[in-house]
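*Asks:* I am attaching a structure below and will ask some questions about it afterwards.
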Amino acid sequence: MSVNRITVVGAGHVGEHCAQGIAAKELAGEVVLLDVLEGIPEGKGLDQWESAPIEGFDTRVVGTNSYDDAAGSDIFVVTAGIARKPGMSRDDLLKTNAGIVESVSKEIKRIAPDAIVIVVSNPLDVMAYVALKTTGFPRERVFGMAGILDTARYRSFIALELDVSIKDIQALVLGGHGDTMVPLSSYASVSGIPLTQLLAKERIDALVERTRKGGAEIVGYLKSGSAYYAPAAAATQMCEAVVKNQRRILPCAAYLQGEYGMKDVFLGVPCQLGEGGLQKIFEVDLSDEEKAALTKSAEHVRSTIQALEAL
Ligand code: NAD
């Protein structure tokens, strides 16, 4: 896929690091960093571009308040919105961020009707739904970042627990991005060795619990915002998979149309990402317990959509 322009909407913590990651990996000719705050995207964009001679990348970084500068972008990463503060759940962001994501999606539809949209704003699964409905784009071109982050957190905790290389750890976290996420211990392995052979059930359960609360753990430390290094890296990885047509299988929030017995709901599932965006959804075998957890997670996403529609 020949990509000329990727726009990151929202030049806050996640957006700025995502733009820098995209530029450093030269995933496009130009990265546009767009925000409503005057001066912030321009300043951050220029600063990033000034790092190009040192880092050695040729991707131009442009900061702007105008969608005209983002016209015809191949990919949009939507990070616009407010982030959590201590004591807040992702759902507390619902009303504010739904309004923001709706307005951003209208602009995307207007200036780049063929674009791929990667949603990051929270509550993730519902914001992806807002973007899908507002743009009217097919599900292949609207999906959300959450599963890669949740899985990365799980993998990072497993690596610490076993004191082994992060590179050897495979894992899969499905479901909604929130307390109802579903880390699949049966699919976690270290160099092909099932995790269940390496750790006692109580330890695995503890790591799963830490993964579920991984976002809140960071919010608890930062106090004034939520995580951004790992989230930005995850969104950048999704861009890379699409741009390079890597056909990677990564857990992403996808709009289910019958997969896993569910319909018309965004949920984290294993997705193949490559040219054109979402190429395929993989359905993996689940235990009864995992199925029940996934259903519960979908119910939570649905009820949040209903709460939004009732506002
Ligand atoms: P942040 O507050 O640092 O940045 C958000 C930026 O969005 C701000 O610069 C703000 O000015 C901008 N913005 C607000 N309205 C806008 C609009 N209409 N158009 C363009 N820009 C607009 O927040 P952050 O830490 O970067 O987080 C961004 C979002 O991503 C939050 O909703 C957060 O909850 C979410 N998030 C999701 C995940 C995930 O796994 N999906 C992980 C981390 C953060």
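*Asks:* What angle do you read, to the nearest 10 degrees and between 0 and 90, between the alpha-carbon axis of helix 94-111 and the longest principal axis of the chain?
*Replies:* The two axes meet at around 50 degrees.
*Asks:* About the Cα centre of the chain, what is the dipole size in debye to 20, counting +1 per Lys and Arg Cβ and -1 per Asp and Glu Cβ, all else neutral?
*Replies:* Values: 31 positive and 40 negative charges, 77 e Å.
Charge dipole, the chain, about its Cα centre: 380 debye, nearest 20.
*Asks:* Right, next: For Val117, enumerate residues with amide H under 5 Å from its amide H, sequence gap 5+ or separate chain, H modeled in the peptide plane.
*Replies:* Residues meeting the amide H criterion: Phe76, Val142, Phe143.
*Asks:* Let me ask you something else. For a quick check, take a GNM of the chain with Cα springs below 10 Å and name the residue from Ile116, Ile166, Ile75 with the largest mean-square fluctuation.
*Replies:* Greatest mean-square fluctuation among the candidates belongs to Ile166.
*Asks:* Can you tell me what share of the DSSP beta bridges in the chain is antiparallel? A percent to the nearest 5 is fine.
*Replies:* 50
*Asks:* Quick test of your reading: applying the under-4.7 Å Cβ rule, which cysteines of the chain are isolated?
*Replies:* Cys18, Cys239
*Asks:* To check you understand DSSP bridge types, tell me what percent of the beta bridges within the range 1-134 (both residues inside) are antiparallel, rounded to 5.
*Replies:* Values: 0 of 18 bridges.
Here the antiparallel bridges make up roughly 0 percent for the range 1-134.
*Asks:* Write down the accessible area per residue of the chain in Å², having rolled a 1.4 Å probe over the full set of protein chains. Could you put the intermediate results ahead of the total?
*Replies:* On the way: 13690 Å² over 311 residues.
Per-residue value: 44 Å².
*Asks:* Under 8 Å for C-alpha pairs, at least 6 residues apart: give me the relative contact order for the chain, rounded to a whole percent.
*Replies:* Working: 644 pairs, mean separation 54.8, N = 311.
So the answer I get is 18 percent.
*Asks:* Take the alpha carbon atoms of the range 147-310, find their radius of gyration, then divide it by 2.2 N^0.38 Å using N residues; give the quotient. Spell out each step's value before the answer.
*Replies:* Numbers: Rg = 15.9 Å, N = 164, 2.2 N^0.38 = 15.3 Å.
Output field value: 1.04.
*Asks:* Please check: in the Gaussian network model of the chain (C-alpha springs, under 10 Å), which one of Glu217, Glu289, Glu140 has the largest mean-square fluctuation.
*Replies:* Highest fluctuation of the listed residues: Glu289.
*Asks:* Within straight cross-link reach of Lys85, meaning Cα distance under 13 Å, which aspartates and glutamates are found once same-chain residues fewer than 8 apart are removed?
*Replies:* Glu217
*Asks:* Probe radius 1.4 Å, ligands and nucleic acids ignored: give me the carbon and sulfur share of the accessible area of the chain as a rounded percent. Please report the intermediate quantities before stating the final value.
*Replies:* Values: 6900 of 13690 Å².
Answer for the chain: carbon and sulfur cover 50 percent of the accessible area.
*Asks:* Protein chains only, probe 1.4 Å: how do Glu16, Glu283, Glu38 rank by accessible area, largest first? Could the numbers behind the result be given before it?
*Replies:* Details: Glu16 40, Glu283 115, Glu38 160 Å².
From most exposed to least exposed: Glu38, Glu283, Glu16.
*Asks:* Express in Å², to the nearest 10, the accessible area of Glu299 obtained by rolling a 1.4 Å probe over the protein heavy atoms while all chains stay in place.
*Replies:* About 110 Å², rounded to the nearest 10.
*Asks:* Got a number for the accessible area of Leu46? Probe 1.4 Å, square angstrom, nearest 10.
*Replies:* Surface open to solvent at Leu46 totals about 100 Å².
*Asks:* Now a separate question. Within the set Lys109/Lys244; Lys244/Lys296; Lys133/Lys296, which residue pairs have Cα atoms separated by over 32 Å?
*Replies:* Values: Lys109/Lys244 24 Å; Lys244/Lys296 35 Å; Lys133/Lys296 23 Å.
Exceeds cut-off: Lys244/Lys296.
The values are calculated or read from the model by the stated rules, or taken from the named source; none is laboratory data. In this text, all values refer to a predicted model and were calculated from it rather than measured experimentally. Quick reminder, even Gly has a Cβ in these numbers, built from the backbone with ideal geometry, and neighbours come from all protein chains shown. Calculation scope for accessible area: heavy atoms of the full protein, side chains included, ligands and nucleic acids excluded. Shrake-Rupley method; radii C 1.70, N 1.55, O 1.52, S 1.80 Å.
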